[in-house]
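Visitor: I am attaching a structure below and will ask some questions about it afterwards.
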Ligand code: DX5
Ligand code: ZN
């Protein structure tokens, strides 16, 4: 029911393969990979070559979060590198529909993400085209920020829309998730929880189960 997607942004980059395995052994459902271009967000991270190097390390789905301007230009590279879920930002792409359709055609699961200031209303027209809706609970760009409580109503709105429409869209949250906020996010409707600093900042297995339990308990 609840899925946990550890973000390797907070892992030790000098031993990334082992860090991915550590998440897998700890019971992760997905591996969250944050791609940043220094344009859409101020930070630069990793690209397709790192993803293809990690591909043989695990069978877990790669949940690739593109924080890059005009992601459609690179969709093929990321799918080829091994992305299973490929999430683009609504704010970063003019050709949203074409890009989501292209991602699906290439065999990956398309996702769309919105920044804190973007309303659910803005992303509604694309809900029939995606497998994942990723709602940011921090300003994208950095790990270790504080969960924005004022995003909870947006999660509730999205969950309501998904349920009413009988849509098979996974509602994912990213930013500031820990064992406390995981429960709040799940209660508001999130089912996939991304966490970076809260997981890699300690015993990965324990942290994953704490986040999962907090979310599952909140669902009752
Ligand atoms: C932020 C990234 C997140 C980040 C989460 O721009 O998209 O995935 O790694 O880190 P924490 O869990 O530390 O907020
Ligand atoms: Zn992310």
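Visitor: Would you pick out the residues in the range 9-33 that are without any contact (Cβ under 8 Å) to a residue 40 or more places away in the chain and within 13 Å of ligand 1 (Cβ to nearest atom)?
Guide: Those that are without any contact (Cβ under 8 Å) to a residue 40 or more places away in the chain and within 13 Å of ligand 1 (Cβ to nearest atom): 13, 31.
Visitor: Being buried (at least 23 other Cβ atoms within 10 Å of the Cβ) and under 20 Å from residue 127 (Cβ atoms) is the filter here; which residues of the range 76-98 pass it?
Guide: Keep residues of the range 76-98 that are buried (at least 23 other Cβ atoms within 10 Å of the Cβ), which gives 78, 83, 85-89.
Selection gives 85, 86, 87, 88, 89.
Visitor: Give all pairs with beta carbons closer than 7 Å in which a residue from the range 139-158 that is on the phi > 0 side of the Ramachandran plot meets a residue that is surrounded by fewer than 20 Cβ atoms within 10 Å (Cβ to Cβ) and assigned to a loop (DSSP other than H, G, I, E, B); count only pairs at least 6 apart in sequence or on separate chains.
Guide: 141/42; 141/43
Visitor: Kindly provide the set of residues from the range 51-67 that are surrounded by fewer than 23 Cβ atoms within 10 Å (Cβ to Cβ) and within 15 Å of ligand 2 (Cβ to nearest atom), ordered by number. Steps first, answer last, please.
Guide: Our first condition is that a residue be surrounded by fewer than 23 Cβ atoms within 10 Å (Cβ to Cβ); within the range 51-67, this holds for 51-61.
Answer for the range 51-67, where residues must be surrounded by fewer than 23 Cβ atoms within 10 Å (Cβ to Cβ) and within 15 Å of ligand 2 (Cβ to nearest atom): 51, 61.
This table checks each residue for (1) within 16 Å of ligand 2 (Cβ to nearest atom); (2) within 26 Å of residue 109 (Cα to Cα); (3) out of contact with any strand residue (DSSP E or B) (no Cβ under 6 Å at 6 or more places or on another chain).
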residue: 157; (1), (2), (3): no, yes, yes
residue: 162; (1), (2), (3): no, yes, yes
residue: 166; (1), (2), (3): no, yes, yes
residue: 176; (1), (2), (3): yes, yes, yes
residue: 180; (1), (2), (3): no, no, yes
residue: 190; (1), (2), (3): yes, yes, no
residue: 212; (1), (2), (3): no, yes, no
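Visitor: Can I ask one more? Of the residues 4, 41, which single one is in contact (Cβ under 8 Å) with a residue 24 or more places away in the chain, over 26 Å from residue 217 (Cα atoms) and within 17 Å of the chain's Cα centre (by Cα)? Lay out the reasoning, then the answer.
Guide: On the way: 4 fails: over 26 Å from residue 217 (Cα atoms).
Checking each option against the conditions leaves just 41.
Visitor: Going by the structure shown, is residue 47 over 30 Å from residue 206 (Cβ atoms), free of Cβ contacts under 8 Å to residues at least 12 places away in the same chain and within 16 Å of ligand 2 (Cβ to nearest atom)? Explain how you work it out, then say what you get.
Guide: On the way: over 30 Å from residue 206 (Cβ atoms): yes; free of Cβ contacts under 8 Å to residues at least 12 places away in the same chain: no; within 16 Å of ligand 2 (Cβ to nearest atom): yes.
For residue 47, the condition - over 30 Å from residue 206 (Cβ atoms), free of Cβ contacts under 8 Å to residues at least 12 places away in the same chain and within 16 Å of ligand 2 (Cβ to nearest atom) - is not met.
No lab work stands behind these numbers, since they all come straight from the coordinates. Remember, it's a predicted structure, so these values are computed and weren't measured experimentally. Here Cβ is always computed from backbone atoms with ideal geometry, including for glycine, and neighbour counts include all displayed protein chains.
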